[in-house]
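Asks: So that we are looking at the same thing, I have put the structure below in structure tokens.
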Amino acid sequence: MTLNEISKVLEINCKSNIEITGLNTLLDSNSNELTFLENKKYIKDLVNTKAAAVLIKKEFLAEVPKGTIALICDEPYIKLALASKLFSQNVVEESGKDCVVDKDTTIQPNVYLGKNASIGSNCIIMAGAFIADNVSIGNNTIIYPNVSIYRDCIIGNDCIIHSGTVIGCDGFGFANTKDGKYIKIYQNGNVIIGNDVEIGANSTIDRAVFKSTIISNGVRIDNLVHIAHNCKLGVGCILTGQVGLAGSTTLHEYVVMGGQSATAGHLEIAPFTTIAARGGVTKTIKEPKKQWAGFPLMDHKTWLKLQSKITKLLK
Amino acid sequence: MTLNEISKVLEINCKSNIEITGLNTLLDSNSNELTFLENKKYIKDLVNTKAAAVLIKKEFLAEVPKGTIALICDEPYIKLALASKLFSQNVVEESGKDCVVDKDTTIQPNVYLGKNASIGSNCIIMAGAFIADNVSIGNNTIIYPNVSIYRDCIIGNDCIIHSGTVIGCDGFGFANTKDGKYIKIYQNGNVIIGNDVEIGANSTIDRAVFKSTIISNGVRIDNLVHIAHNCKLGVGCILTGQVGLAGSTTLHEYVVMGGQSATAGHLEIAPFTTIAARGGVTKTIKEPKKQWAGFPLMDHKTWLKLQSKITKLLK
Amino acid sequence: MTLNEISKVLEINCKSNIEITGLNTLLDSNSNELTFLENKKYIKDLVNTKAAAVLIKKEFLAEVPKGTIALICDEPYIKLALASKLFSQNVVEESGKDCVVDKDTTIQPNVYLGKNASIGSNCIIMAGAFIADNVSIGNNTIIYPNVSIYRDCIIGNDCIIHSGTVIGCDGFGFANTKDGKYIKIYQNGNVIIGNDVEIGANSTIDRAVFKSTIISNGVRIDNLVHIAHNCKLGVGCILTGQVGLAGSTTLHEYVVMGGQSATAGHLEIAPFTTIAARGGVTKTIKEPKKQWAGFPLMDHKTWLKLQSKITKLLK
């Protein structure tokens, strides 16, 4: 789709006929992608963008780099939402090749296999599992009953995904209009799960809005865990029951999160960090190998001290 | 069923042969419904009831209005539970018309379509979805794989319901007997979902005990959210991941609830209220457009102040 | 499998050809089972074990009782994990008798019925339900759509299990190697659910690592509740929405847990205890019939007092 055609839909004036292949963030865009700036705090990224074009308010025009076309508008985030629909995938593909299933793999009854999907060798795909279009599953992986894997997601080798878990459902994204409507931001990315990952029952891992939500090798995820769009989990992370991660948060390798703990969005958590049960992470954690607890979060020893002070307060 | 017949099952003496069509609350009952008073604090509603009859302890007899028959008993809530079974629906209807599916709607394999159900035009109902008896779905709605919609529920136009979500499951209701048994209160209501509603994966919305649990137009619900029976969500409410609402709570329009926040039951939350992540609402919020945080809940600014006091306390 | 054969796989020297039938804890092992001691605090149980053999560090050798063979190793927990695989069940049985279904039971379309499973009379098993190998279901039980019941689990009479709930999924268990790998501890136990139990939608109950996770008669569980492996719920316990129980915790009879409350693992909670919403139980509760709140947990009245002190602190 050309930038010209996109601009027409967005009701922005632009005559470039450069081919646009998708949407992306300021920093990750390549020279065929469209990006946006809504929040002033990302202006430092604008200067460095390589995007073909950027949806932007007039006031930031001076900061747009030379190689990038400015698409000036009052509400860039709403225009982004409208543009996301132009790049949205079909919910179900009507044509394509039948799913390829490698040797020694068991497919139970009532399994849905999408177009252009592929399943490696020695897997077990159990009844009621939904394997959507373009999904790729490696070798020796077990998909338990009633798991749903949305289109374009990639699952590695030696994984176990328990019943009812949903991989690749839409991230929670929309733009608010002034008259109280929410315009869906189509989640055109996917989920990539590495090798040797086990995911418990009824957990949910959202697909990325752009690019991929990533679960690295060796990760262990328990039941009823919620991982929002564009999170990245490093090698060997452990998420226990009912943990929740908001969008675009990165856990570096071997982060351990206790039951019902949670993070806000757009954070980074240093390697080998431990978050105690119920801990609530609202800021980036830079120092590795520390133990944290509480909400708001504090050093685990400080949290224990706080509890004893509260006990005294009550006497 | 006549009141006489019901009374016989409940072992209460009553000779009226008025036709009773169902159960309801004191305030919502019409002149063909049976109601109850268990908790003294609802006595103000008793005076205004229009119910045909009321299950009631002897001590409150004087407050029963003229047009309403008093069914005197020691344990009205247990009698209500027993009566609810008399009005319970079949889990599965044995007869009825085949589901009607309008034009340009895709029904994938392994979808269950109940009796007397109807699905509008241009919908996609994906594999493993369960559409029970009497369910009605509007136009342009997408039901993702392995969604379960219980009987009698109504879904509007332009909705998206993600995998594994359950609509219309039984509310959590039972009466405790003196010898430690729980008698199920049959949940004979339904769920009504408006237009342009998106619900994430593995969320649960309970059917009402009487009448309807209501999700209004434009609502956005994230993953793993729990909405108990008889809640009402106004237009444009936003519930993020792992939020929990207890029974009979009303969120007026454009209430926003952060991740893992929750409410107690039987509350009202004013329009445009924002509850921060983990906030716990235990009292009705009357003033609109305010921001709250913490548990117990406090003004968001006060909560920030509290955190800084705690930090000082630790020094 | 003989102890000799097992030892060979574990690379431990042992010549006994005693037949080993499974793994178990120090206290629960019988004279044909293999056990382990990793954590010093269980040394008091070692003295009383009746196990055929125990995986143990050299330093604890003196405490091993006479009838038990010591299998000396540096990392007993890792050896246990490796041994658990030797006793793991097939994910899907290839042979066995067809499921037996008693009279007046309805099996809807797209239900999976495993080998050697049995379903009692007057049940309703709804579309998309997965009833794995060796599962036994009693009489008058309703299994709603898209429920998954893993192999070997037992469900009683008069139960109701709502959509999307998963019974018997693997507990969250693995041993950490020094080079950052997790070795799965196969969860070779099951879940046993008594009579007259109702479980809400999208809840998860993990199978035991050894023996059984137990849900006793009359228990009521709401939606999105997580019960980890080897928990035991006494008669009449009530768990409301989004409660989480960590592994091996015992709730005695009639414990009530409010919304989003949780417990740590390996605790006991006395009969008729009430935990308020959001309460976090981190220690065993010995005194029955008390009400608790907060995190860390305190007497409910103390918690109310604390709130009023915090209010004063803010003035």
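Asks: With charges only on Cβ, +1 for K and R and -1 for D and E, what is the dipole size of the stretch B:3-86 about its Cα centre, in debye, rounded to 20?
Replies: Charge dipole of the stretch B:3-86: 140 debye, to the nearest 20.
Asks: Taking a label point 7 Å from Cα toward Cβ, how far is C:Glu75 from its twins in the other copies, in nm, shortest first?
Replies: Distances to the matching label points in the other copies: 5.7, 5.7 nm.
Asks: Can you give the net charge of the other residues whose Cβ lies under 11 Å from the Cβ of C:Glu19, counting K and R as +1 and D and E as -1?
Replies: -2
Asks: Here's a follow-up. To make sure I understand, if each residue's beta carbon is the centre and we count other beta carbons within 10 Å, what order do B:Ser203, C:Ser84, C:Ser248 fall in, fewest to most?
Replies: Going from sparsest to densest Cβ surroundings: C:Ser248, C:Ser84, B:Ser203.
Asks: What is the Cα radius of gyration of the stretch A:164-303 over 2.2 N^0.38 Å, N being its residue count?
Replies: Compared with the compact-globule rule of thumb, the stretch A:164-303 sits at 1.04.
Asks: Check each of the trypsin sites (Lys or Arg not before Pro) in the stretch A:1-47 and keep only those in coil by DSSP with at most 14 other C-beta atoms within 10 angstrom; list them in order.
Replies: Passing sites in the stretch A:1-47 are A:Lys15.
Asks: A further question on this structure: Which semi-axis lengths, in whole Å and largest first, follow from the square roots of five times the eigenvalues of the Cα gyration tensor of the stretch A:37-145?
Replies: After diagonalising the Cα gyration tensor, the semi-axes are 45, 15, 12 Å.
Asks: Counting other Cβ atoms within 10 Å, keep those with at most 10, restrict to DSSP loop, and tell me which trypsin sites (Lys or Arg not before Pro) in the stretch C:64-141 are left.
Replies: Passing both the DSSP loop test and the Cβ count: C:Lys66, C:Lys97, C:Lys103.
Asks: Based on DSSP H assignment, which helices of chain B show an axial Cα extent of at least 18 Å together with a mean Kyte-Doolittle hydropathy greater than or equal to 1.0?
Replies: Sorted by number, there is nothing, because no helix extends far enough and scores high enough.
Asks: Under a 10 Å cutoff between Cα atoms, tell me which one of B:Thr141, B:Thr204, B:Thr49 has the largest fluctuation in the Gaussian network model of chain B.
Replies: The residue that fluctuates most here is B:Thr49.
Asks: Sticking with this one: Hey, got the dipole for chain A? About the Cα centre, +1 on K and R Cβ, -1 on D and E Cβ, debye to the nearest 20?
Replies: Around 1460 debye, computed over chain A.
Asks: Additional query: Which ³J(HN,Hα) values in Hz, rounded to whole numbers, follow from the phi angles of the stretch C:96-110 under the Karplus curve 6.51 cos²θ - 1.76 cosθ + 1.60, where θ = phi - 60° and Gly and Pro get x?
Replies: Result, rounded to whole Hz: x, 6, 5, 4, 9, 10, 7, 5, 6, 9, 9, 10, 6, x, 6.
Asks: While we're looking at this one, here's another question. For the protein assembly as shown, report the convex hull volume of the alpha-carbon atoms normalised per residue, in Å³, without decimals.
Replies: Taking the convex hull of the Cα positions in the protein assembly as shown, it is 188 Å³ per residue.
Asks: Under the Karplus relation 6.51 cos²θ - 1.76 cosθ + 1.60, θ = phi - 60°, what is the ordered set of whole-Hz ³J(HN,Hα) values for the stretch B:252-266, x standing for Gly and Pro?
Replies: 6, 4, 6, 6, 10, 10, x, x, 6, 6, 7, 10, 6, x, 6
Asks: Kindly provide the Kirkwood hydrodynamic radius of the stretch B:231-315 in Å, to one decimal, from all pairs of distinct alpha carbon atoms.
Replies: About 12.8 Å, per the Kirkwood formula over Cα pairs.
Asks: Given a 10 angstrom Cα cut-off, can you work out which residue in A:Gly189, A:Gly173, A:Gly200 is the most mobile in a GNM of chain A?
Replies: A:Gly173
Asks: Enter the Cα centre distance for the pair the stretch A:281-314 and the stretch B:226-253, rounded to the nearest angstrom.
Replies: Here the two parts' Cα centres lie 31 Å apart.
Asks: Rank these for me by crowding, C:Ser308, A:Ser136, A:Ser7, C:Ser148, going from fewest to most other beta carbons within 10 Å.
Replies: The most exposed by this proxy come first: C:Ser308, A:Ser136, A:Ser7, C:Ser148.
Asks: Oh, and also: Could you work out the local net charge near C:Asn217, counting Lys and Arg as +1, Asp and Glu as -1, over the other residues with Cβ closer than 14 Å to its Cβ?
Replies: Once positives and negatives cancel, what remains is -2.
Asks: I've got another one for you. Only sites in a loop by DSSP and with at most 12 other Cβ atoms within 10 Å count here; which GluC sites (Glu not before Pro) in the stretch C:41-106 make the cut?
Replies: C:Glu94
Asks: Let me ask something additional. What spacing in nm lies between the two simple spin-label points modelled at A:Met1 and B:Lys290, each 7 Å away from Cα in the Cβ direction?
Replies: 4.4 nm
Asks: Now a separate question. Which cross-chain or sequence-distant (5 or more) residues have an amide H under 5 Å from the amide H of B:Thr106, H modelled 1.01 Å from N in plane?
Replies: B:Cys123, B:Ile124, B:Ile125
Asks: Distances from B:Glu59 to the same residue in each other copy, label points 7 Å out along Cα→Cβ, in nm, shortest first?
Replies: Inter-copy label distances (nm, one decimal, shortest first): 6.4, 6.4.
Asks: Taking K and R as +1 and D and E as -1, what net charge do the other residues with C-beta under 10 Å from the C-beta of B:Val92 add up to?
Replies: Net charge in that neighbourhood comes out at -1.
Asks: Separate question: What number, in percent, do you get for the relative contact order of the stretch C:84-227 if the mean sequence gap of Cα pairs under 8 Å and at least 6 apart is divided by its residue count?
Replies: 17 percent
Asks: Please work out whether the stretch A:237-283 counts as rounded, prolate or oblate from its C-alpha gyration tensor, where a ≥ b ≥ c are the square roots of the eigenvalues and a/c under 1.5 means rounded, while otherwise a/b larger than b/c means prolate and anything else oblate?
Replies: Note, shape of the stretch A:237-283 comes out oblate.
Asks: What is the Cα radius of gyration of the stretch C:269-315 over 2.2 N^0.38 Å, N being its residue count?
Replies: In units of the 2.2 N^0.38 Å rule of thumb, it is 1.25.
Asks: For a 25 Å ceiling on Cα separation, which of these pairs sit above it: B:Lys181/B:Lys283; B:Lys8/B:Lys50; A:Lys286/B:Lys290; A:Lys211/B:Lys232?
Replies: Exceeds cut-off: B:Lys181/B:Lys283; A:Lys286/B:Lys290; A:Lys211/B:Lys232.
Asks: In nm, what does the list of distances from C:Lys40 to its counterparts in the other copies look like, shortest first, when each label sits 7 Å along Cα to Cβ?
Replies: Listed shortest first, these distances are 5.7, 5.7 nm.
Asks: If I model the stretch C:66-215 as equal point scatterers sitting on the Cα atoms and use the Debye formula, what is log10 I(q)/I(0) at q = 0.10, 0.12, 0.13 Å⁻¹?
Replies: Evaluating at q = 0.10, 0.12, 0.13 Å⁻¹ gives log10 I(q)/I(0) of -0.41, -0.55, -0.62.
Asks: While we're on this one: If you average the C-alpha positions of the stretch B:88-121 and of the stretch B:155-218 separately, how far apart do those two centres end up, in angstrom?
Replies: 19 Å
Asks: With charges only on Cβ, +1 for K and R and -1 for D and E, what is the dipole size of the protein assembly as shown about its Cα centre, in debye, rounded to 20?
Replies: 4340 debye
Asks: Then there's this: Please list, in chain and number order, the residues 5+ apart from A:Ala70 or on another chain whose amide H is under 5 Å from its amide H, with Hs placed from the backbone.
Replies: A:Val54
Asks: Beyond 23 Å, what share of the Cα-Cα pairs of the stretch C:3-86 remains, rounded to the nearest whole percent?
Replies: Result: 7 percent of Cα pairs exceed 23 Å.
Asks: Give the shape of chain C as rounded, prolate or oblate, defined through the alpha-carbon gyration tensor: a ≥ b ≥ c are the square roots of its eigenvalues, a/c under 1.5 means rounded, and otherwise the shape is prolate if a/b is larger than b/c and oblate if not.
Replies: oblate
Since every read-out is calculated from the coordinates, none of them should be taken as a lab result. Just so it is clear, the structure is predicted and the values come from calculations on it, not from any experiment. All Cβ positions, even for glycine, are placed from backbone atoms using ideal geometry, and neighbour counts span all protein chains on display.
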